[in-house]
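Working notes for the structure below.
Quick note: the coordinates plus some simple rules give every number you see, no bench work behind them. Note that the structure is predicted; figures quoted are calculated from it, not measured. Note that we place each Cβ from the backbone using ideal geometry, even for glycine, and neighbour counts take in every protein chain shown.
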Amino acid sequence: MSIMGRFAPTPSGRLHIGNVYALLCAWAHARQRGGTLVLRIEDLDALRCPKEYADLIAEDLQWLGLDWDEGAYLGKDCDKYFQSRRSEIYQEYLNRLEKDGHLFPCFCSRGELHAADAPHLSDGRYRYPGTCRNLTKEEIAIKRFIRPPALRVRVNDVPINFVDEHYGVQTYILEEDSGDFIVQRSDGVFAYHLAVVVDDALMGVNEIVRGRDLLDSVPVQLYLYKLLGFTPPQYCHIPLLVDQDGRRLAKRDKDLDIGVLREKYTPETIIGYLAWQIGLISKNEKITAKEFLQIFDVNKLPHEDIILKGEI
Ligand code: GLU
């Protein structure tokens, strides 16, 4: 079977070094196996994702030497690879879930859910306690006057098992771990889980390499794959890059923003630094994206997050 990987950045800011590392790994993992890649711009929340950032992401990927075979910025139909242009498609699949009886309207605000007795999971996320799961038609009609609802998918207590290429066998029970999940927010924006599953399935993506912060989203996504009758992809999650305090690198760390790094360093310096950080090479030296591709081996990556050390 031919491999189709993907780049799926959210353009809510310029790429930072943690994004670059994840994109490099996704690219190398697919290319090593003769696979192709698609670039999809995950700008579902268009207000948070100005087009300039998407343009810069494409430009930064090219600057780094990472290429893709279809998707945004390639060919004449490339606009359809922007999630902000795909609402009709998401609506069609949402309607299907609705018709099959998997959805219910939820009127809880985020604040209410956090404040109430929603059971909090150890990592700070919360499980939806099922507040609006069994509202009557009359209750729904009354609540609609007060605020528009989000739409949630009703989950069950059947264990979901999958094997992640790097983190191994995983078992989740959605009812206990996350509860019923949102597929459309109350402001009408489609939720990440729905969009990502529909897009990956329709775009033929069968291999997903991304940060381990999204490992927990797999069971929700597999649940949607099943409800919508799609074949799920293979997953390979990779450890996160973190700072000395164990905090995940984020867009707030401006000095590790690719815009800043590009002013000071070449792509080879940045890629070599990353290859050294993640244990693919023993010292900090320049390498090209093509050289990274030759030495990349997900088995050499640790399972724990990687603390950035030393200067670029
Ligand atoms: N768009 C997400 C991000 O940039 C990635 C989603 C995914 O890989 O499924 O964090």
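Below are the figures for this structure:
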read-out: Whole-number Å³ per residue for the convex hull built on Cα positions in the stretch 190-245; value: 90 Å³
read-out: Over the stretch 1-115: Rg over Rh, Cα atoms, Kirkwood Rh; value: 1.06
read-out: Radius of gyration, Dmax [the chain; alpha carbons; angstrom]; value: 20.4, 67
read-out: Compactness of the stretch 1-50 - radius of gyration and Dmax, Cα, Å; value: 12.4, 38
read-out: Descending semi-axes in Å of the stretch 227-312, equivalent ellipsoid built from Cα gyration tensor; value: 25, 18, 15
read-out: Summed residue charge, Cβ within 12 Å of Q221's Cβ, Lys/Arg positive, Asp/Glu negative; value: -1
read-out: Whole-Å distance, taken between Cα centres, linking the stretch 183-223 and the stretch 1-58; value: 14 Å
read-out: Contour excess over end-to-end distance, with Cα ends at Q294 and D216 and 0.36 nm allotted per residue; value: 25.1 nm
read-out: For the stretch 152-303, fraction of C-alpha pairs farther apart than 25 Å, in %; value: 44 percent
read-out: Where the Cα pairs of the stretch 30-77 fall when distances are cut into 5 Å bins, in %; value: 5, 18, 25, 25, 16, 7, 3, 0
read-out: Estimated translational D of the stretch 66-214 in µm²/s (Stokes, Kirkwood radius over Cα pairs; 25 °C; 0.890 mPa s); value: 139 µm²/s
read-out: Of K143/K226; K264/K286; K51/K254; K76/K226; K99/K137, those spanning more than 25 Å from alpha-carbon to alpha-carbon; value: K143/K226; K76/K226
read-out: When the convex hull of its Cα atoms is projected in every direction, mean area for the stretch 56-120 (nm²); value: 8.4 nm²
read-out: At R0 = 35 Å, FRET efficiency that the Cβ-Cβ distance of K80 and E311 yields, to 0.05; value: 0.25
read-out: Residues of the stretch 186-204 with amide N under 15 Å of a point placed 7 Å along Cα→Cβ from R133; value: none
read-out: Cubic angstrom per residue, convex hull over Cα atoms of the stretch 219-277; value: 157 Å³
read-out: Fraction of antiparallel bridges per DSSP, the chain only, in percent to nearest 5; value: 50 percent
read-out: Shape metrics for the stretch 135-228, restricted to C-alpha atoms - Rg then Dmax, Å; value: 15.5, 49
read-out: GNM top mover of Y93, Y225, Y81 - the chain, alpha-carbon springs below 10 Å; value: Y93
read-out: Which of L15, F181, A30, positive extreme of dipole for the chain (C-beta unit charges); value: F181
